[in-house]
Structure formats: C-alpha cells, structure tokens
Amino acid sequence: MGLIANLKAQRAYSLHGKGQTEEARKLYKEAIDSGCDQPRYILAYCLLIIRAGEYEEAKQRLIKLQKNPMLTPEQKSNLFVYYSVCAFRLGEIDKGIHLLERQSAKQPTGQLYQTLGYLYVEKFDLNHLPDFEALDRAEQEKREAAALAEAEENGEGNAEAPPVAEEPPVILSAREKYDAHREKAEAFLKEAIDYDDEDSVCLDNYAQFLYRCDGDEEAARPWFEKALAIKDTQIDTLWFLSRYDLKEGKRQQAIQRLEQASKGRFSPLNFATKELVDSELKTLKLKA
C-alpha cells in the first residue's frame, strides 16, 4: 500500500512541477490518505492547499508530519514556515511569530526572514493596534486572582511573623511590551536586508513596515522602488507604488501597475488580494 501511494505521490509531484496543480492536488491527497509518508510530498500538498485557503487542513497535516523521523532540517524549517502561515490566517498570528522567532534564533534563512518579516508587518500595522487599557486590566485581574489563590493556599491567621517583603518586580504595561516587541521586529527587518540586500521580498517587507507600521510613506517609497527594480512583478510592491501614483495624479501609471499585479500569483502573505486589485482596477477604469 505504501509503495503504491508513494508512486502516486511522485506522479502528483511531477504534475505539480508542470503547473497542473488541480490534478496534482487530487493525486497528492489520494496518495497521502493511502499511506504516503514522504515529507517532500506531504509538504508540497500542504503548500497547495495553503494557497487554496484551506488552512485548517494544512495545519493538522503539518502537526502530524512534525513527528515524521524522515524530516530533514530544511524540510522541518519549511514545515514551521507553513504552519506559521496557517496560524496567521486562522487568527493566531502571535503563535506563528513565536514559532518563527525560535527557528530564526537557531538558524536564520532567507525564507524565515521573508515570512517572519511579513508577519511582523501584519502584527504592528497601525490599523491593528490592540486595546492597551483592556490588556492592562486583564493582566491586573490575573495578578490579583493569582495572589488570592496563593493566600488561600497558605491559609489565614498564621501566627508566625510574615516574611520580609521582597522588592516588587518591574511590571511592564501592555504598551511597553508592545513597543519593545515592535523595536525587535524593526531590527529584524533591517537584519533581513543586511542578510540579503537584493531580496525583493525583504525589501518590500521593510517598505511596508515604514508605510503601514510607522505611517511614513515618504521613507517607505525608496524601498518599494528598490524592490521593484529587483522584481518588477511583485504584487504588493506594485500595489503600494500605485498608491503614490494616484496621489500624484498618475492614474494611467497606477492602472498599468495594477494590471501587472493582477496577473501575479497571489499568496496568503500578500497584503493586496486578487479581489482588492481587480476591484481597484475596475473603479479606476470606470473613471477614465
């Protein structure tokens, strides 16, 4: 059964390489459900269904794959990246970031810089600011509950003299914790560019951080332009540069950029979705 399943997976892998993704996806699933245990094929299938938005299924298969003794270090790194993307899209971005931070501390790679960098941008987008006061209240309630539980455990009315109180630990506010993590994120994004200053994804990530997390559109623009010079089909780069075009009244140039973006292969780590790009194109063309 395993041999037949692996042969079927090989066929799926071949179709996948030729761009026949629907046929490949069907064969991958049949092979894996029939006992295929080869990490390369399971990871390839997970990548396909992640691109199709089936994050929960991919997540569960990745959890199971993590125990596979045949995983190479490179495959394990890919597994963590894929899992983090699923976590992000399932509303658990902090879990995805924490996992990739651990992996990056062990052995940074280009893929880790790209993926973790983008998750940082999403995390610290000014439009996603958390309710710091609510977080502080929740933390205070948690500390009070823990203190009450400890007091009940120790009992009341102890005749012995109370121990000398130690100096209370420094407790950071939710905003202070957020800002400290944000500074770490920005340092990582800069480190990614130092690692490879011709990686168009890392350049775009840093540009987006300046644009979306700092609100500094002027500082972001040169980084978007540098990313575009390296890869002129990068979807998010084209999207953000089209924003500058529209502000400057260059509607036709914005349309050209968006038409180019619309032809690209969208992924779960794109800020601009296919629907967003096509909707914007339609609106701009109607104004022509």
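Computed quantities for the displayed model
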| quantity | calculated |
| --- | --- |
| Some residue of the range 244-266 being in contact (Cβ under 8 Å) with a residue 40 or more places away in the chain, within 27 Å of CYS46 (Cβ to Cβ) and assigned to a helix (DSSP H, G or I) | no |
| Every pair of residues 6+ apart whose Cβ atoms lie under 9 Å, when the first sits in the range 186-203 and is under 20 Å from ASN270 (Cβ atoms) while the second is among the charged types (D, E, K, R) and exposed (fewer than 14 other Cβ atoms within 10 Å of the Cβ) | LEU203/ASP197 |
| Selection status of LEU286, over 28 Å from GLU198 (Cα atoms), free of Cβ contacts under 8 Å to residues at least 40 places away in the same chain and not small (Gly, Ala, Ser) | yes |
| Members of the range 203-243 found to be of a type outside the set (S, T, N, Q), closer than 18 Å to ALA187 by Cα and assigned to a helix (DSSP H, G or I), listed by number | LEU203, ASP204, TYR206, ALA207, PHE209, LEU210, TYR211, ARG212, CYS213, ALA219, ALA220, TRP223 |
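Laboratory data are not the source of any read-out in this text; all were calculated from the coordinates shown. Nothing here was measured: the structure is a model prediction, and the numbers come from that model. Note that we place each Cβ from the backbone using ideal geometry, even for glycine, and neighbour counts take in every protein chain shown.
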